[in-house]
Amino acid sequence: MLKIRSAMDEDCTLLWEWVNDSEVRASAFHSDPIPWEKHVAWFRRKRVDPNCYIYILVNQDDHPVGQVRFEIQADGSAEVDIALARHQRGHGYGVKALRLACEQLRKSATVTQIVAYIKPQNVASIRAFERAGFLHRGKEWVKGIEAVGMILRREQPFDTADA
C-alpha cells in the first residue's frame with residue numbers, strides 16, 4: 001500500500017540522494033551528477049513554482065519509496081519524471097506510484113495529457129509506464145538523445161485501488 005504527499009522542504013536531501021543514484025543518472029537525459037548547491041537552488045525554485053508538482057510516495061510504514069514530479073507546460077500538458085529509492089526498485093512501486101501521482105495531479109491541476117520521455121534501454125521504466133496506462137507515442141528526441149515518448153490523456157481512466 002502506497003500513500004502520496006506533496007514534497008516538503010525536509011525532502012530536499014532525500015531527493016538529492018535519489019537523483020544522484022548511479023542508475024537514476026544513467027536513465028537521465030543529462031547524466032552528470034548534480035552538485036548539492038545546484039540541487040538546493042533547483043528545489044527551492046520548484047517548491048514555489050505553480051506549474052511544478054512534486055509528490056513523495058511512502059509505504060505502509062511511512063518510509064519514502066520514491067518521487068513523481070510533474071512540470072505543467074504552456075500547452076496544458078504535464079511532463080512526468082519518476083525516481084524510486086534504490087532499495088525499493090523491483091517491488092512494483094513504480095506502477096503504483098505513477099497511478100497515484102497521476103490521479104493526484106488530475107485532482108490538483110487541469111492538464112490535457114501527461115507525457116513521459118524514456119531512454120529506449122530503460123525497459124523497466126517503459127514497462128512501468130505501460131502498466132500504469134500510458135500509450136506509446138513513438139520515437140522522439142530529447143536534448144539530442146533518442147527517447148520513447150509515452151502519453152496518458154486526461155480522459156484515460158485507470159484503477160488506483162491496488163496502489
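Quick note: the coordinates plus some simple rules give every number you see, no bench work behind them. As the structure is a computational prediction, the values presented were derived from the model and not from experiment. Using ideal geometry, Cβ is built from the backbone for each residue, glycine included, and neighbour counts are taken over all protein chains shown.
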Per its Cα gyration tensor (rounded if a/c is under 1.5, else prolate when a/b beats b/c, else oblate), segment 21-66 is best filed as oblate
On full extension of the chain, what length is gained from Leu135 through Arg44, given 0.36 nm per residue of separation minus the C-alpha to C-alpha distance? 29.5 nm
Rank these for me by crowding, Ser27, Ser125, going from fewest to most other beta carbons within 10 Å. Ser27, Ser125
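Over 20 Å, how big is the tail of the calculated P(r) for the chain, in percent of all Cα pairs?
Details: 6453 of 13203 pairs.
Result for the distance tail: 49 percent.
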Fewest-first sequence of Met8, Met1, Met150 by Cβ atoms within 10 Å of each Cβ: Met1, Met8, Met150
Chymotrypsin sites (Phe, Trp or Tyr not before Pro) lying in DSSP loop within segment 2-55, provided at most 15 other Cβ fall within 10 Å: Phe29
Where the Cα atoms of segment 1-78 are projected onto their three principal axes, how long is each span, largest first, in whole Å? 33, 32, 22
C-alpha center-to-center spacing [segment 91-123, segment 136-151] in angstrom: 16 Å
So for R0 = 22 Å, FRET eff. of Ala74-Asp9 from the Cβ-Cβ r, to 0.05, ends up at 0.20
Residue-by-residue Karplus 3J(HN,Hα) for segment 131-140, coefficients 6.51, -1.76, 1.60, Hz, glycine and proline x: 5, 7, x, 6, 10, 5, 10, x, 6, 9
Given only helices, namely DSSP H runs of n ≥ 4 each adding -39500 (n - 2.57), what is the per-residue ellipticity at 222 nm of the chain, to the nearest 500 deg cm²/dmol? -9500 deg cm²/dmol
